[in-house]
Amino acid sequence: MENKKSVISAPADAKGEDVTTWALPDGAIARLGRGCSPDFTFSPDGQSLAIGNTLGLWVYDLETLSPIALWEAERGLIVSVAFSPNGKWIAAYNSDEILKVLDIQNGTCLTQVETDEYITGLVFSPDSQYLAAAYARTSTVEIWHAETCEQVTQFTVDTEEAAFYRPVSFSPDSQLIASTCIPDTADNAESIVVWDVQSREQIAYLSGHTRKAGIDANIWVTTLCFSPCRQFLASGSEDGTVYVWDINTWQQVREYTDYGEVCGISPSYSPDGILRAAIVHYDKTGPATISVCNLESGEQLYTDQVWGNTTDSSHPVDGGNTLEFSNGSLLAYECRHEFINVWTPEYPYKRQFTHSPISFPAYERTSISFPTAMFSDDGKTLAVKHHHEGVVLWDIASKRSRPAVKVDSVGKNQFLYKTDSGKLYVASIKDDKAALWEADSDGMPLIEATGREYWSASPALSPTGELFAYADADGNLKVWDVNSGSQLYELKHSLKENDNENDETICDLQFSYDGKILASESNYPHAHVISWDMELGEEIDNSLNDNVITRILGRLVLRYLKPRSREVVHISHDRQYLSSIGNNSYLYDVKQNDYLTRLTLPQGLEDMFWAAKFSICGKYFAAGTWWQEGMEKMAICLWEVETGRLIVTFRGHPTDVHALAFSPDNKLLASASYDGTILLWDLTPYL
């Protein structure tokens with residue numbers, strides 16, 4: 001596969017480009033997913049949309065809604081982006097606190113600067129001469145020369161409390177700059193500060209956005225924008241209030257409120273001076289919406305229902321980083337962590353494209369109780385559990401994804417299993433219902449039961465696929481026969497009530513590898529494990545003798561065989577080997593009841609490994625690192641089990657590796673990361 005590098009000046013054919021091969025790290029042959037946590041900005045001509053996210057900087061053509069460039073993928077973690085009005089540059093700021101100015105024609109870095117604080121607001125001046133940034137934890141606004149990143153000046157308000165989101169905006173003539181601060185006052189009301197760029201003097205301090213009655217938290221001002229005539233400054237806050245200030249007198253001249261229950265409003269002036277706003281409307285009982293309206297006339301120009309039921313989905317717009325509204329007519333927003341929606345003058349209706357799965361994979365705690373990535377037995381499909389989108393099935397050949405359960409009402413709180421026979425199953429929890437499905441089927445659930453609440457242990461499926469178990473908040477364990485779809489047992493794991501409101505709960509359920517034992521664990525104030533005989537439906541022995549521990553082979557091994565707070569246990573497919581990854585990493589032979597070998601770890605990474613997996617044949621073992629400060633690329637190491645020899649180390653993800661999976665033929669290794677992508681690594685040169 002070609003390691004493609006795209007260029008904006010040569011747009012790609014939407015049907016002819018395989019973006020899964022763009023900007024790949026050494027050793028990888030494909031990337032599934034395009035990153036998560038987006039920040040948007042429109043090009044000055046309204047023809048392109050830039051998306052900065054955990055993977056890097058994407059540029060999309062707005063006519064075809066197809067990607068035409070991927071830059072900064074070497075590091076990724078882009079948190080803020082901005083186009084220059086002259087169309088020559090794009091600024092990208094990453095979570096390493098590095099700001100870069102890129103050439104818009106080819107993505108090359110023209111200049112960069114490392115900042116002292118975390119940037120949340122980033123904007124070019126209208127004349128493209130300056131680049132300004134507002135810092136998150138201080139009241140400082142810093143200004144650089146746009147093309148060289150040489151510092152021009154800093155503006156600071158002396159006294160304030162820490163904040164996070166700070167907008168920043170230039171006036172049309174580039175002479176004024178506005179941002180926000182939280183003064184150290186009794187009500188902690190957020191204020192707007194305006195400076196003169198040339199004289200470098202503070203010329204206005206506006207205190208209109210105050211904390212509302214009954215609300216303890218600060219109400220952030222999320223948007224600032226000057227009118228094209230330079231006569232007004234509009235400010236929008238997350239409580240749905242917009243104020244308009246007269247620049248000549250710095251008095252508030254208009255106020256727009258009463259938009260219902262909202263979680264954000266973004267005002268923006270059109271080129272002809274009409275003040276519009278994008279509003280996220282909240283409704284606890286029904287669909288939430290995003291709308292665009294003319295604030296002066298009240299005319300509604302656009303509306304979209306962004307999720308079906310607010311009680312079952314996460315918000316489509318989180319703060320200021322997932323919605324962009326500019327020029328009073330360009331709107332982009334993320335929906336359900338999967339789609340990007342856009343509304344523009346050329347296409348005044350909703351258009352949607354997939355930028356998914358951009359929800360990050362769940363992390364894998366052990367190879368039995370929390371499997372989050374695995375290949376089908378034929379190696380053609382990769383199943384991955386995602387935090388926001390349930391279980392997703394990736395077709396390796398086409399690199400396209402599909403939901404594992406094709407029923408909209410199933411909910412997104414899902415769990416992935418693979419039985420010894422090679423079948424993939426998905427359990428789902430929605431409201432008080434627990435269900436078990438065969439993956440990729442259109443039929444009815446195999447089991448559908450009630451009485452299971454969310455805040456208890458994840459459901460468990462026996463490795464044989466014959467038994468399904470879940471626990472409720474009161475410690476009742478319900479065990480079902482998968483073949484008949486009937487309940488077999490209801491067992492009672494007694495829980496204790498505590499005076500400090502931290503009542504004991506069931507935190508873990510696991511079957512033994514033969515399905516004959518179920519272990520339930522409660523976690524407060526001390527771990528309490530009970531083992532249950534699945535043939536008799538009764539408790540075995542609360543002391544957990546060595547025979548029971550060996551047969552369960554899960555988190556219990558970690559706690560009772562060799563407890564180490566920084567170590568994670570993984571088990572080989574044939575249950576012959578255990579791995580312990582941490583400060584003292586080794587492989588353990590279960591059948592011989594002895595240590596097999598110590599693992600050779602790369603220097604400096606001894607205590608950074610988390611996700612791990614044995615190959616199905618048991619000959620190889622892989623582990624990936626968890627991010628720690630100072631790390632640029634996460635390591636994924638491959639060892640030979642018999643000798644502990646380190647075969648190869650891959651580096652590609654910019655942040656935590658959550659799960660690993662070997663293809664059945666050992667030709668591919670899949671790594672799922674918190675960055676919202678899955679990398680496929682070619683193992684054939686090494687094995």
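Pairs please, first residue from the range 57-83 and at positive phi, second anywhere and among the aliphatic types (A, V, I, L, M) and in a strand (DSSP E or B), Cβ atoms under 8 Å, 6+ apart in sequence or on different chains.
Correct list of pairs: L65/V342; E72/L57; E72/I78; E72/A92; E72/L102.
Tell me, yes or no, whether the range 105-127 has at least one residue that is under 22 Å from the mean Cα position of the chain (by Cα), of a type in the set (F, W, Y) and not assigned by TED's automatic domain parsing to the domain that holds V19.
Looking for residues that are under 22 Å from the mean Cα position of the chain (by Cα), of a type in the set (F, W, Y) and not assigned by TED's automatic domain parsing to the domain that holds V19, one finds at least one in the range 105-127, hence yes.
Can you say whether E299 is farther than 20 Å from L331 by Cα and either at pLDDT 80 or above or in contact with a Pro (Cβ under 9 Å, 6 or more places away or on another chain) (or both), as far as the supplied structure shows?
Here the answer is no, as E299 does not meet what is asked.
Give the residues of the range 634-687 that are at positive phi and surrounded by 24 or more Cβ atoms within 10 Å (Cβ to Cβ), sorted by residue number.
G676
Scan the range 91-122 for residues that are among the hydrophobic types (A, V, I, L, M, F, W, C) and without any contact (Cβ under 8 Å) to a residue 12 or more places away in the chain and jot them down. Explain how you work it out, then say what you get.
Of the range 91-122, the ones among the hydrophobic types (A, V, I, L, M, F, W, C) are 91-92, 98-99, 101-102, 104, 109-110, 113, 119, 122.
Correct list: C109 only.
Output the residues belonging to the range 6-43 that are modelled with pLDDT of 95 or more and within 20 Å of S84 (Cβ to Cβ).
Answer for the range 6-43, where residues must be modelled with pLDDT of 95 or more and within 20 Å of S84 (Cβ to Cβ): T41, F42, S43.
If you scan the range 379-402, which residues turn out to be part of a strand (DSSP E or B) and closer than 18 Å to F353 by Cβ?
V392, R400, S401, R402, listed by residue number.
Would you point out the residue of the range 15-47, among those that are in a strand (DSSP E or B) and among the small types (G, A, S), that is nearest to T649 (Cα to Cα)?
Filtering the range 15-47 down to residues in a strand (DSSP E or B) leaves 22, 28-32, 39-42.
Remaining after also requiring among the small types (G, A, S): 28, 30.
On the way: A28: 12, A30: 17 Å.
So, considering only residues that are in a strand (DSSP E or B) and among the small types (G, A, S), the one nearest to T649 (Cα to Cα) is A28.
Test E497 against the stated conditions and say whether it is touching a residue at least 40 places away in the same chain (Cβ under 8 Å), outside the structural domain of Y674 (by TED's automatic domain parsing) and in contact with an Asp or Glu (Cβ under 9 Å, 6 or more places away or on another chain).
So E497 does not fit the description; no.
Write out, first by first residue and then by second, each pair whose Cβ atoms fall under 8 Å of each other, whose residues are 6+ apart or on separate chains, and whose first residue, in the range 9-38, is farther than 27 Å from T322 by Cα while the second is at pLDDT below 85 and surrounded by fewer than 19 Cβ atoms within 10 Å (Cβ to Cβ).
Close Cβ pairs (under 8 Å, with a partner that is at pLDDT below 85 and surrounded by fewer than 19 Cβ atoms within 10 Å (Cβ to Cβ)) amount to I29/M1.
Which strands (runs of 3 or more DSSP E) sit wholly inside the range 79-149 and have at least 1 residues that are crowded, with 21+ Cβ neighbours inside 10 Å and at pLDDT below 95?
89-94, 119-124, 130-135, 141-145
If you check K385, K412, K399, K433, which single one turns out to be over 21 Å from the mean Cα position of the chain (by Cα) and either among the aromatic types (F, W, Y) or in the same structural domain as Y470 (by TED's automatic domain parsing) (or both)?
Exactly one of K385, K412, K399, K433 is over 21 Å from the mean Cα position of the chain (by Cα) and either among the aromatic types (F, W, Y) or in the same structural domain as Y470 (by TED's automatic domain parsing) (or both), namely K433.
Answer yes or no as to whether K633 is farther than 24 Å from E338 by Cβ and either touching a Cys at 6+ places or on another chain (Cβ under 9 Å) or part of a loop (DSSP other than H, G, I, E, B) (or both).
In short, yes.
What about I68, is it touching a Pro at 6+ places or on another chain (Cβ under 8 Å), surrounded by fewer than 22 Cβ atoms within 10 Å (Cβ to Cβ) and not in a loop (DSSP other than H, G, I, E, B)?
It is true that I68 is touching a Pro at 6+ places or on another chain (Cβ under 8 Å), surrounded by fewer than 22 Cβ atoms within 10 Å (Cβ to Cβ) and not in a loop (DSSP other than H, G, I, E, B).
State yes or no: is I447 in the same structural domain as N523 (by TED's automatic domain parsing), modelled with pLDDT under 90 and touching a Phe, Trp or Tyr at 6+ places or on another chain (Cβ under 9 Å)?
Details: in the same structural domain as N523 (by TED's automatic domain parsing): yes; modelled with pLDDT under 90: no; touching a Phe, Trp or Tyr at 6+ places or on another chain (Cβ under 9 Å): yes.
Against the criterion (in the same structural domain as N523 (by TED's automatic domain parsing), modelled with pLDDT under 90 and touching a Phe, Trp or Tyr at 6+ places or on another chain (Cβ under 9 Å)), I447 does not qualify.
Looking only at the range 573-625, count how many residues are at pLDDT below 80 and either small (G, A, S) or not assigned by TED's automatic domain parsing to the domain that holds P664 (or both).
4
What's the number of the condition A50 fails, among (1) assigned to a strand (DSSP E or B); (2) in contact (Cβ under 8 Å) with a residue 60 or more places away in the chain?
If we test A50 against (1) assigned to a strand (DSSP E or B); (2) in contact (Cβ under 8 Å) with a residue 60 or more places away in the chain, just (2) comes out false.
Looking at the range 648-663, is at least one residue assigned to a loop (DSSP other than H, G, I, E, B), over 29 Å from H387 (Cβ atoms) and of a type outside the set (V, I, T)?
Checked against the condition, which is being assigned to a loop (DSSP other than H, G, I, E, B), over 29 Å from H387 (Cβ atoms) and of a type outside the set (V, I, T), the range 648-663 yields no hits at all.
The values are calculated or read from the model by the stated rules, or taken from the named source; none is laboratory data. Values in this document were obtained by computation on a predicted structure and should not be read as measured data. Glycine also receives a Cβ, built like all others from the backbone with ideal geometry; neighbour counts cover every protein chain displayed.
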